[in-house]
1. In whole Hz, what ³J(HN,Hα) sequence does segment 63-70 give by Karplus (6.51, -1.76, 1.60; θ = phi - 60°), x for Gly and Pro?
2. Using 10 Å bins from zero, what percent of all Cα-Cα pairs in the chain falls into each bin?
3. Quick one: grab the alpha carbon gyration tensor of segment 57-106, order the square roots of its eigenvalues as a ≥ b ≥ c, and give me rounded if a/c is under 1.5, else prolate or oblate depending on whether a/b is larger than b/c.
4. Can you tell me the orientation of helix 89-101 relative to the chain, as the angle in degrees between its alpha-carbon axis and the longest Cα principal axis, to the nearest 10?
5. From the helices alone, meaning DSSP H stretches of at least four residues, give me the mean residue ellipticity at 222 nm for the chain, per-run term -39500 (n - 2.57), in deg cm²/dmol to the nearest 500.
6. Enumerate the amide H contacts of LEU56 below 5 Å, restricted to partners 5 or more residues apart or on another chain; note that Pro and chain-start residues carry no placed amide H.
Amino acid sequence: MSYEAASKTCLITPEAEKQDNWLDDLGVPDWEAQWDNGSWDPMFGTIAVAEIGCGLFYSLIMNGTYRGRVFSWGDHALNPPYFVDHANFSSWIESCLDASIVGEPVHFLDGRI
């Protein structure tokens with residue numbers, strides 16, 4: 001994704017994980033055609049910060065109401081994103097590092113990927 005795409009406003013909200021048709025609920029007119037032709041993407045306004053594996057990523061919202069929040073998404077476009085329980089990137093990554101230090105599995109930090 002380009003810098004221009006990351007600078008756009010992110011439309012994803014924590015409510016998306018509760019919605020059956022989360023992409024429809026973003027309110028983007030004719031989103032499927034726009035996504036197909038590259039003029040829109042649900043990940044606009046985000047950057048990937050960690051690969052979980054199997055096509056799943058943790059991403060950080062760069063712009064919009066939930067700027068600074070981290071969510072997981074990928075594998076299948078129709079599956080909604082899931083926000084992590086932490087209020088911002090720094091508290092999320094600190095908890096991941098703390099877990100790794102005490103031997104808890106943190107898959108994007110354990111060298112398997």
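1. Per residue, the Karplus-derived 3J(HN,Hα) values read 9, x, 4, 9, 3, x, 7, 10 Hz.
2. Percent of pairs per bin, in order: 14, 43, 32, 10, 1.
3. oblate
4. 40 degrees
5. Rounded to the nearest 500, it is -5500 deg cm²/dmol.
6. ASP75
We did not get these values from a lab; they are worked out from the coordinates using the rules stated. Given the structure is predicted, the values throughout are model-derived calculations rather than measurements.
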